[in-house]
Structures are given as structure tokens and as C-alpha cells.
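A quick write-up on the structure given underneath.
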Protein chains: 2
Amino acid sequence: MTAASAHHVVIVGAGFGGLEAARDLAGAPVRMTVIDRRNHHLFQPLLYQVAVASLATSEIAWPIRALLHRHKNVTTLLGSVVGVNIREKEVLLDGEPSIAFDTLILATGARHAYFGHDEWEPHAPGLKTLEDATKIRRRILSAFEQAEWETDEARRATFLTFVIIGAGPTGVELAGTIAELARDTLRSDFRNFDTHSARVVLIEAGPRILSGFSEDLSAYAHQALTRLGVEIRLGHAVSKCGEDGVELGDEFLPARTILWAAGVAASPAADWLNAPADRAGRVLVEDDLTVPGHPHIFVIGDTAHVAAADGKLVPGVAPAAKQEGRYVAAMIKARLSDGSVPPPFHYKNAGNLATIGKRAAIVDFGWIKLKGRFAWWMWGIAHIFFLIGLRNRLAVALSWLWIYISGQRSARLITQGQAKKGEAPN
Amino acid sequence: MTAASAHHVVIVGAGFGGLEAARDLAGAPVRMTVIDRRNHHLFQPLLYQVAVASLATSEIAWPIRALLHRHKNVTTLLGSVVGVNIREKEVLLDGEPSIAFDTLILATGARHAYFGHDEWEPHAPGLKTLEDATKIRRRILSAFEQAEWETDEARRATFLTFVIIGAGPTGVELAGTIAELARDTLRSDFRNFDTHSARVVLIEAGPRILSGFSEDLSAYAHQALTRLGVEIRLGHAVSKCGEDGVELGDEFLPARTILWAAGVAASPAADWLNAPADRAGRVLVEDDLTVPGHPHIFVIGDTAHVAAADGKLVPGVAPAAKQEGRYVAAMIKARLSDGSVPPPFHYKNAGNLATIGKRAAIVDFGWIKLKGRFAWWMWGIAHIFFLIGLRNRLAVALSWLWIYISGQRSARLITQGQAKKGEAPN
């Protein structure tokens, strides 16, 4: 146990950044409190696989307190932070007493955003939490169930049309896997229609999909998705999302399942701190990841606006958040030991990966670009490697092996909805 | 494909009985419609393991239509049956057109019952569905989370008191595993209290636990549970369940987590048929499992009241439901082929098993009784054997191996609740 008088580091958010900082500070002469709204750390890069019934929720989520229990200087609390009292150096919580800090690390992540159209959310759910994933899974599977009942061809077609808005990695991964779900997994399960008649439409406002990748990799992914049967609509911004479909300019596309993968906004950390932020709500931190004027408050991960060496923004990906977490832990240790000041944060590009269905992927490490089946194996092995704990690595490997061989997905559960045509009110 | 004019068998409910009947009729000259309110078949004997975070939901549930998709004479529908029109030979559905049948098999199961105290349900949830299990898991895990915040000793004790009402197999299995969860899995996860201070209280109105077993096995289980730290209160009926605890006669036992394992009632099939039923709502079927006066309507499983050879009731367990499903399938095939009448249904006792924590179990096959660690291994192997599909057998074996070796449970997720102190309204 560390003395109660030790320097107190409060970490809000146990995503990739917060967890990395906590682990790196485990041996330091500090006591730590890690606060998260959820009891689990989530492996977000594979969240879409829960949404498409490939993986179970528990295969990509771990209880935060189990991940930190060996470190006796860490207290984990389940709680909802609602503000920061900078003057008193306190974190404010919903329904619990405030918690004082000496150093604060805000790693509170991002949520999907609707660009001023919050009324679209009920019709086009986004994918950030386990509950989002099981909700999307319920919607996709329920649409097929409703199609089996429907006798009117046109109405059945609306149940069998799946629209994904936004062609970043999440949108592409969702589109590819839903197409495979219809053509492969569900192939022989229905009697009143052919699952091949399902339409998967990927809508992107920009001129190409996966704009974070080079043009040739993006073109390859476009081709691979088209081969899976996905219709890609480029240069189309959605002007309306409703219960019955989406509006693209003059065109109305009837669809009962719409998924949102078009944009995210940072958590409200900038509001809590009254700090300068960019348009997506990310705090404009100094080059040591502190909040301007508050050297004892750090912001990292998807909530921070950090410029990389090439002038671009550090992307909102797991490796970036981890690097920031490590940097902040090192900074705190340096301050507490000899008071030295480490050099500014430097982002090291860890590569960019996206997968298209269960056979193809694209990988861009900067110095080398890969595509196709080999890239897919690399993607799979990398993701299994980065999962936490041997047990989950084995479980995910088993699940993938099964899908690869049999085409069957084990997590095809409609839960938490109504008894029928399941759609829960939340 | 079977001709649309073929004899039409409608099966309502795809639990152990309904599924067995459907599979046995797959080769027969009939067409079948299987209707269930859920999209998944549930392996109920292991449901309590989802509630205590040992197994993932998808490890004990399979999509019904995937289990039946090979049989081209089966149509699977997700729908809620609300009645039967006997005269027109139609099943009535909620929000969908009626479905005509030539032969009807009702295998609609049971729900937990509160003996006229339905107002207890929000405070003392029972365990019959996957949603029940994740709700109970959320309550158990959230109680520990709240205890970590609580500074008042007496109030903390109420968060750390877990009351289970009813000492049948489910109650005993819940009590044993919650005790292990506190003493083993969560041992080093909290900083503000010792998880060994958690109390698990098992309340039973009768004179002994596991009254379905012989007295010596029941006494052994009593001893094994006590060794795990479970307090057993025999001869106590609960007179009140509330948010803050339970009332036992004059005594009030403060507890924030109360679980109900005390009783079940059959589905409303007897009402749909206007048929004679016992006090638990089970239809009093003929010795060929038909409804009196309606030879084309069968009732099987937990919804049927069937007398065994020894005059006792056929128990509401999976092997009994399966035997009934097989019997009805054979009866239908005999009627359609040569019109012969098979002998009355005869229940073959398949044995009685219960487990106490992760080291002990009791097994009673009639001709042999076993207890202790060997019985536990038998219990485990038998359950893995009866799971459907190689993939789930591997996955469950992996999960159990992990718990056995490390004490860590992989499915410790608080989901579908509010962001904090999670309790969802449903």
C-alpha cells in the first residue's frame, strides 16, 4: 500500500489511454484512483464483430478492476464524472462525493455524433459501447426475422436493405460483414426469401472510401467490398434519416436498418475545464499533453487534439491513445523524481489497418503497404496479440476459426428487446 | 421441400421438448412450423453460470433457425403465441396472421412464480431467460461496486448481503457460486472492504435443501455449502421482499440483492386450451400427452402435468422434456404411417444432478448415488456432452478450465443498466 499522503493521480476513463497510464504508474510513488462509467475496458477495434454476431460481448471486454487488481496503489471506482473543480483540484461525480487530485488525467474518449441532427440517433444507431453493439445486432437479426413474416415484396425489401452511413474503417467493416452474414451465415436459414436478395448500401459523402488510407489501398478495398455485394454510394451526403429509410438529395432509399459510422465528437472534457477545443470538442492541449495554464491536468486519447510531426492530427486510434498514456506516466514520474522535463510528445505512426469481410484486409505501415488475404491474416494475428489475457486470445481465435471454417457465427442472439420484433425502448 | 398439402405440425416453443420433437419429425412426411418468442434455444441447466459471470450468453444459447436449417420441411418463426382457436385449428399470434395446424405441440415452458406476490418480482428477480441472467449478473456485480463507495459500515453490509430464496438446484447453485465469486474471484479487487465479509444467505421454507434428492445427499450438500460460507436458514418462509431486504417471520434481514429460486408456474397454455390444469397451471394431459378430448393437440415439458410410473409427477427437467418430445414425434409418425397407437408415455428417470461451487456435486441415478469431487467432474462432463455443437463444447470447456485454474471469470460485465449503479428499468 502507498501512504495516503502520496501524490494522488486521478485517471478518468479506462480506455486504451487511461489504462496504459495507470499500468505505467503502478510502480511509481503515487496513489491512483481510476474512475470509469463502465465496469469494463472495451477492445473497441473489434466492437463491430459483436454487432455482427461474430464475437461474444465478454470476448472483447474485461473488468477494469481485474486488470488493475495486482497494483495495490490503484483504487478502481465505477462512477460518472460530471465536471472538474480546477480551483479546488477536485473531480465532481454524479451522486457520489467529489474526489481530490494532485494530478488529473482525462481520458474520456469520444461518442458518435450526428452533426447537429441528434434526432437521427434512434433511427441510425452508432457503435461505441457494448450496448450499442448488442442493439445493432438485435436490429440486424430482427430485420431478417421480420422479412420471414412479410408477404409484400416491396415491404420485405425494406427489411432486407441495410444502410451504413460513413465509409471509414468501422463503416467498411460493418458493410463487409453484414454482406457475408446474409450471403453465407444465414444462407439456408429462411424459407420465404433468399438471403442473397439482401442489399447492403454503404454511403459516403467524400469522394472515396477509407480516406485515411492511400488511394490505391482505398481502391482495392472498394473493389473487394463490391465483390462481396456491397453497393457503394460516393459523394452522397445523407439529408435525412427516418424510420423508413434515408434521403440522399432527391432520392429516398427505403431501409429499415440504418447504421451510423459517420462521425464522432469528443467527451465534454473541454466544457468541464472551460478549455479551448476544436470543432469536434477535442481539447487543444500543449505539446506535453497538458491543458494550457494547468500543468497538473492532462488530456489524452480521443478527447485530445494533438498535432503530429507532419502537421496532421494524431488519429483517434488505440496505439495513439496508448502512446499518450505512456508519455503522461513518464512525465509524472519525471516530475516526482528529479523534476526533469521530458521532450514534447512525439507520435509514432503504428500503422493503419482495415478489414473487408473474412478474406481481405488493407494494412499501411508507411514504409510498407499490404492488401488481400495475407494482410487479412496479419490483421487477425495483430488483433489477437493486442487482446488482453491468454484466455480471450484463445476464445477469439476459436470463434474466428469457427466462422472461417463453418461460416456459422456463435453470437446470433436477439436479447434485451421486446419479446418479438425485438427493439428495446433504449 | 415437402408439399404444401402435407400434414402440418405446429410446434410452439423451441426448448428441450419442442426442439427434440422437431428434430425427430425432420424425416417424416410432414411440414412443420416452429414458433418461439425468442430467436434462441437456451441451455437452461447452465443459465445460473451466466448470472454469476462464469459463462457468456452465447455459450449457452443457439439460434433456433440455425439448429433446424438443415431440415427443409421446417419453417422457423419468431413470434408470440397468445392463444389457440381449437375449432378452427389455428394458433393465434400477437401482431401476425394466425397459423393453421393439423397437429399442435405446445412446449411453452414455465416462468418463475411468486405465489400471489407479484409485487416482489422487481426486488427478487428469478432466473429463466438470458435477460434474467444478465440482470442478476448486473445486480450482483453492482452491489460490490456500491460497497466500494459506501463509507457507512452498516449500509455497506447491506450491499454485501446476498439472499437467495429457495434451495432447489438453482438456489443451491447460485448460493455456492456467489460465495466463490466473493471469496475467490473478487478477492483482491477492492480496496475499501474485504470481500470475505460478503454474506450469502440461502432461505428455504422446507426442512432441508435439495428436497428432490435423498436425505444423505441433501445433508452432504448442506455441509459443502456451509463450508463455502453460505448461511442456510431452513423452515423459514419469506413473508415480505422489499428494496432493503426480506422479512422472515419477526426477523428483518437487510440485503440489497435478493434472488428468487423458489417456484415456477407453467405458461398459460391451459388458458389457451380451456383445459384442466393443476395448481401450478400445468395441463393435465392424457397418458399419451394429448389434451383430453383433443387428440391432435399435445402438451409437453414444463407446461404438462404427467404422472410417472411411481405415481410422482414427471419432474420439470431437460431429459423429461426431451423424452416427451421424442414420444410425441413417434406418435405422430405412427398415426401418419399405419395408424397404430403406441403404448402410453413412460418416463425413464435420467438421474438428478446438482453442483455446489466448483469442487463438489451430488448425482443420483437411482441405482447409484455419488457425491464430492468425482461427482462434480461427472456433472461437468455430462453438461458439456449435452451442449449443442462442438464449438460451444470447446468454448464452455475453455471457460471452466480457466475458472478452475485461475479463479477468474471472464463474463464480469455490467451491461444494459444505467451508466452507473446499473439497474435497467426492465
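Quick notes on this one:
- Within the stretch A:303-350, the set of residues being among the β-branched types (V, I, T), more than 27 Å from the chain's Cα centre (by Cα) and open to solvent by less than 60 Å² (accessible area, probe 1.4 Å) comprises A:I332 only.
- Test: B:T177 is within 25 Å of B:F43 (Cα to Cα), polar (S, T, N, Q) and not in a loop (DSSP other than H, G, I, E, B): yes
- Here A:T129 qualifies as under 17 Å from the mean Cα position of the chain (by Cα) and either crowded, with 17+ Cβ neighbours inside 10 Å or farther than 24 Å from A:G171 by Cβ (or both).
- Scanning the stretch A:82-97 for residues that are under 27 Å from the mean Cα position of the chain (by Cα) and facing chain B (nearest Cβ under 10 Å) turns up A:L93, A:D94.
- Those residues of the stretch A:304-319 which are at pLDDT 95 or above and under 19 Å from A:D24 (Cβ atoms), in sequence order: A:A304, A:V306
- The stretch A:356-380 residues that are part of a strand (DSSP E or B), paired with ones that are of a type in the set (S, T, Y) (beta carbon under 6 Å, 6 or more apart): A:A361/A:T355; A:K371/A:Y220
- The residues on offer are B:G79, B:G27, and the sole one that is more than 29 Å from B:E173 (Cα to Cα) and modelled with pLDDT under 95 is B:G27.
- Answer residue from the stretch A:66-81, given it is more than 7 Å from every other protein chain (Cβ to nearest Cβ) and aliphatic (A, V, I, L, M) and is farthest from the chain's Cα centre (by Cα) among those: A:V74
- Comparison of A:E286, A:E251 shows that the only residue that is surrounded by fewer than 21 Cβ atoms within 10 Å (Cβ to Cβ), out of contact with any strand residue (DSSP E or B) (no Cβ under 8 Å at 6 or more places or on another chain) and farther than 21 Å from A:Y347 by Cα is A:E251.
- Among residues of the stretch B:388-411 that are more than 10 Å from chain A (Cβ to nearest Cβ), those with a Cβ under 8 angstrom from a residue that is open to solvent by less than 10 Å² (accessible area, probe 1.4 Å) and of a type in the set (S, T, N, Q), sequence gap 6+ or separate chain, pair up as B:W400/B:S54; B:G407/B:T185.
- Filtered residues of the stretch B:224-244 (kept if within 15 Å of B:H117 (Cα to Cα), in contact with a Leu (Cβ under 9 Å, 6 or more places away or on another chain) and open to solvent by less than 30 Å² (accessible area, probe 1.4 Å)): B:V238
- Positions within the stretch B:122-171 being assigned to a helix (DSSP H, G or I), in contact with a helix residue (DSSP H, G or I) (Cβ under 6 Å, 6 or more places away or on another chain) and free of Cβ contacts under 8 Å to residues at least 40 places away in the same chain, in sequence order: B:R156
- Among (1) over 23 Å from the mean Cα position of the chain (by Cα); (2) open to solvent by less than 10 Å² (accessible area, probe 1.4 Å); (3) not assigned by TED's automatic domain parsing to the domain that holds A:D288, the one test that A:E150 misses: (2)
- Residue in the stretch A:80-92 that is part of a loop (DSSP other than H, G, I, E, B) and buried (at least 24 other Cβ atoms within 10 Å of the Cβ) present: no
- Residue satisfying all of: in the stretch A:192-206; assigned to a loop (DSSP other than H, G, I, E, B) and of a type outside the set (F, W, Y); farthest from the chain's Cα centre (by Cα) among these: A:N192
- Listed by position, the strands (runs of 3 or more DSSP E) contained in the stretch A:3-65 that have at least 3 residues being within 10 Å of another protein chain (Cβ to nearest Cβ) and surrounded by 23 or more Cβ atoms within 10 Å (Cβ to Cβ) are A:61-63.
- Of all residues in the stretch A:259-285, those satisfying the criterion of being more than 23 Å from A:V81 (Cα to Cα) and not in a strand (DSSP E or B) are A:A261, A:A262, A:G263.
- Within the stretch A:246-264, residues that are more than 25 Å from A:R279 (Cα to Cα) sit with their Cβ atoms under 8 Å from residues that are outside any strand (DSSP E or B) and open to solvent by less than 10 Å² (accessible area, probe 1.4 Å), at 6+ positions apart or across chains, in these pairs: A:V246/A:A124; A:V246/A:A255; A:R256/A:A143; A:T257/A:I140; A:T257/A:A143; A:I258/A:A124.
- Residue within the stretch A:98-112 that is touching a residue at least 24 places away in the same chain (Cβ under 8 Å), within 14 Å of another protein chain (Cβ to nearest Cβ), assigned to a loop (DSSP other than H, G, I, E, B) and touching a strand residue (DSSP E or B) at 6+ places or on another chain (Cβ under 9 Å) present: yes
- Some residue of the stretch B:162-179 being out of contact with any Phe, Trp or Tyr (no Cβ under 6 Å at 6 or more places or on another chain), surrounded by fewer than 20 Cβ atoms within 10 Å (Cβ to Cβ), at pLDDT 95 or above and β-branched (V, I, T): no
- Residues satisfying the stated conditions in the stretch A:207-223, i.e. open to solvent by 20 Å² or more (accessible area, probe 1.4 Å) and not basic (K, R): A:P207, A:S211, A:G212, A:S214, A:E215, A:D216, A:A219, A:Y220, A:H222, A:Q223
- Residue in the stretch A:199-217 that is nearest to A:G263 (Cα to Cα), counting only those that are without any contact (Cβ under 8 Å) to a residue 40 or more places away in the chain and touching a Lys or Arg at 6+ places or on another chain (Cβ under 8 Å): A:E204
- Candidates B:D184, B:D189, filtered to the one that is assigned to a loop (DSSP other than H, G, I, E, B) and farther than 20 Å from B:I258 by Cβ: B:D189
The values are calculated or read from the model by the stated rules, or taken from the named source; none is laboratory data. Everything numeric in this text was worked out from a predicted model, so none of it was measured. Methodologically, a virtual Cβ is constructed for each residue, glycine included, from the backbone with ideal geometry; neighbour enumeration extends over all protein chains shown. The protein model used for the area step is the full one, side chains on, heavy atoms only, and it has no ligands, DNA or RNA in it. Shrake-Rupley method; radii C 1.70, N 1.55, O 1.52, S 1.80 Å.
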